[in-house]
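Below is one structure, written out as C-alpha cells; the observations come after it.
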Amino acid sequence: MMRFPTRKPNAFHLPSLAAKAMAGTLVALSLSTLSLTAFAADLPEIESRGYLSVATEDNYAPFNFIEDGNAKGFNTDMLEELRNYADFEVRQDILPWTGLLAAVSTGQYDMALTGASVSDERLRVFNYTAPYASAQHFAITRTGDDSIESVADLSGKTLGVQAGSVLLSRLPELKKMLEDDGGELGEVVQYESYPEAFADLANGRLDFVIDSAVPVNTLVASKPDVFAKGPAVSGAGYVSWPIPKNSPELLEYMNGFLDHMRETGRLAELQEKWFGESFPDLPTEPLTSVDQFHELAGLDD
C-alpha cells in the first residue's frame, strides 16, 4: 500500500523495475537504521503505563477511511473490538500513510493498526501479526471485455500498476506466468494514484490494472457496470498489522487477540462486512521472516 501526490503516469518496461526495487530497499534500510536506535515499548511496559499507542490512517477504504466526518472501515471496527478485549487503554492517532510506518519504526507508536501488505523490505523492519486479509494480486478488466478470461489472455496487453508499491515489485511473477505459457509481459504503466489508472482503464488507454484482492472486490462491487475482477496474477499475499521487531510479547498478545476474533466468528463477520468475503485459509501464525513469508506465499516455487 503506497500513495503519492498526483502527477502524470509514466510508461516503462520491466527492466526499470530494478530501479524501483532499489528505491524500496533504500527506504527499508532507512527505516531499519532508525529502528535500531529507537525503543519500541513491549507488552510489560505497555501494561505498566496503562495504554497501547496505535497509529492508523484515514484514506484507505475499506481498511480505514472517513465518511460524513466519522471513522469507518475494518480496522475501525477491529480497534473497537480491541478496546473491549484489552485490559489497558488503547490510544489512537491518525497519520498520513507516507509517514505512518516510519513513526512506528522509530518508537513513536507501539504498532500500526492499518492495512499494510507484507513485503520482504518491511519484514526486515517489522514482524507482522497473522494475516487478516488476502493481498493476492488480480487483474481488473473492463466489464464486457471478453478478450481477457485467463492469465494467458494478458500476454502483450498494456497494464497499469501503482508506482513504488508491493504490487509493482511482484510483477516478475506475472512475467514468469506469461512466459511459461509462451506469452510475454506487455507495456507497464505506473501511476501515483489508482483513480488515474482506473480512469485510463475505463477509457481504453489500458487493457487491465493490477491491484490486491480487497481493493479489487471493493471497486468491482461499487462499479460493476465498469469494472470486472479478472484472473489472479500473483501467488499468495497478506495484509496484517506491523509491530517492531523488538516487541515480541506485544506481537504474541495481538496474535492472541486475532485468535479470539477468529474463534468467536467475529473476524469472519467483519471480513464479510468490509471485504466482501472471509479468508478462512490464511496463516494463523505471526510472520517474522522473509524466508517464512516466501514459504507460505509460495514465492520460491
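The values are calculated or read from the model by the stated rules, or taken from the named source; none is laboratory data. Since we're looking at a predicted model, the values are computed, not measured. Don't worry about glycine lacking a Cβ; one is built from the backbone with ideal geometry, like all the others, and counts go over all protein chains shown.
In segment 42-69, what residues are of a type in the set (A, V, I, L, M) and either assigned by TED's automatic domain parsing to the domain that holds VAL220 or free of Cβ contacts under 8 Å to residues at least 24 places away in the same chain (or both)? Reasoning before the result, please.
First, the residues of segment 42-69 that are of a type in the set (A, V, I, L, M): 43, 46, 52, 54-55, 61, 66.
Within segment 42-69, ILE66 is the sole residue that qualifies.
Would you please name the residue that is farthest from GLY235 (Cα to Cα), looking only at residues in segment 178-196 that are outside any loop (DSSP other than H, G, I, E, B) and of a type outside the set (D, E, K, R)? Step through it out loud before you land on a result.
The initial filter retains those residues of segment 178-196 that are outside any loop (DSSP other than H, G, I, E, B), namely 178-180, 188-191, 194-196.
Now narrow it down to the ones that are of a type outside the set (D, E, K, R): 178, 188-191, 194-195.
Details: LEU178: 14, VAL188: 19, VAL189: 21, GLN190: 21, TYR191: 22, TYR194: 21, PRO195: 25 Å.
Only one residue tops the list, namely PRO195.
Within the group SER278, SER240, which residue is farther than 17 Å from LEU159 by Cα, of a type in the set (Gly, Ala, Ser) and touching a Phe, Trp or Tyr at 6+ places or on another chain (Cβ under 6 Å)? Full working, then the answer.
Working: SER278 fails: touching a Phe, Trp or Tyr at 6+ places or on another chain (Cβ under 6 Å).
Only one candidate qualifies: SER240.
Residues to consider are ALA139, ALA199; find the one that is among the small types (Gly, Ala, Ser), free of Cβ contacts under 8 Å to residues at least 24 places away in the same chain and outside any loop (DSSP other than H, G, I, E, B). It would help to see each step written out before you state the result.
Working: ALA139 fails: free of Cβ contacts under 8 Å to residues at least 24 places away in the same chain.
Of ALA139, ALA199, the one residue that is among the small types (Gly, Ala, Ser), free of Cβ contacts under 8 Å to residues at least 24 places away in the same chain and outside any loop (DSSP other than H, G, I, E, B) is ALA199.
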Test result for GLU277, touching a helix residue (DSSP H, G or I) at 6+ places or on another chain (Cβ under 8 Å), charged (D, E, K, R) and assigned to a loop (DSSP other than H, G, I, E, B): yes
Unique residue being over 23 Å from the mean Cα position of the chain (by Cα) and modelled with pLDDT under 95 when the list is ALA28, ALA38, ALA86, ALA23: ALA38
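Quick one: which residue in LEU95, LEU79, LEU123 is touching a residue at least 40 places away in the same chain (Cβ under 8 Å), of a type in the set (A, V, I, L, M, F, W, C), farther than 30 Å from ASP225 by Cβ and in contact with a Leu (Cβ under 8 Å, 6 or more places away or on another chain)? Spell out the reasoning first.
On the way: LEU95 fails: in contact with a Leu (Cβ under 8 Å, 6 or more places away or on another chain); LEU79 fails: touching a residue at least 40 places away in the same chain (Cβ under 8 Å).
Being touching a residue at least 40 places away in the same chain (Cβ under 8 Å), of a type in the set (A, V, I, L, M, F, W, C), farther than 30 Å from ASP225 by Cβ and in contact with a Leu (Cβ under 8 Å, 6 or more places away or on another chain) holds for just one of LEU95, LEU79, LEU123, which is LEU123.
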Search result, residues across segment 72-92 that are touching a strand residue (DSSP E or B) at 6+ places or on another chain (Cβ under 7 Å) and farther than 14 Å from MET261 by Cα: LYS72, GLY73, THR76, PHE88, GLU89, VAL90, ARG91, GLN92
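Of everything in segment 64-98, what is among the acidic types (Asp, Glu), in contact with a Lys or Arg (Cβ under 9 Å, 6 or more places away or on another chain) and assigned to a helix (DSSP H, G or I)? Give them in sequence order.
Residues of segment 64-98 among the acidic types (Asp, Glu): 67-68, 77, 80-81, 87, 89, 93.
With the extra rule that they be in contact with a Lys or Arg (Cβ under 9 Å, 6 or more places away or on another chain), the set shrinks to 77, 81, 89.
If the condition is that a residue be among the acidic types (Asp, Glu), in contact with a Lys or Arg (Cβ under 9 Å, 6 or more places away or on another chain) and assigned to a helix (DSSP H, G or I), then ASP77, GLU81 are the ones that fit.
Across segment 280-291, what is the number of residues that are loosely packed, with under 15 Cβ neighbours inside 10 Å and part of a helix (DSSP H, G or I)? Before the answer, list the steps.
Applying the first criterion (loosely packed, with under 15 Cβ neighbours inside 10 Å) to segment 280-291 yields 280-281, 284-285, 289, 291.
Pick out the ones that are also part of a helix (DSSP H, G or I) and you get 291.
Residues in segment 280-291 being loosely packed, with under 15 Cβ neighbours inside 10 Å and part of a helix (DSSP H, G or I): 1 in total.
Across segment 119-177, what is the total count of residues that are aliphatic (A, V, I, L, M) and modelled with pLDDT under 90? Full working, then the answer.
As a first pass, look at segment 119-177 and keep what is aliphatic (A, V, I, L, M): 123, 125, 130, 133, 135, 139-140, 148, 151-152, 154, 159, 161, 163, 166-168, 171, 174, 177.
Filter again for modelled with pLDDT under 90, leaving 163, 166-168.
Total meeting the criteria: 4.
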Filter result for ASP58 (charged (D, E, K, R), at pLDDT 95 or above and within 28 Å of LEU267 (Cα to Cα)): no
Residue that is farthest from PHE88 (Cα to Cα), among those in segment 39-78 that are surrounded by 14 or more Cβ atoms within 10 Å (Cβ to Cβ) and among the small types (Gly, Ala, Ser): ALA61
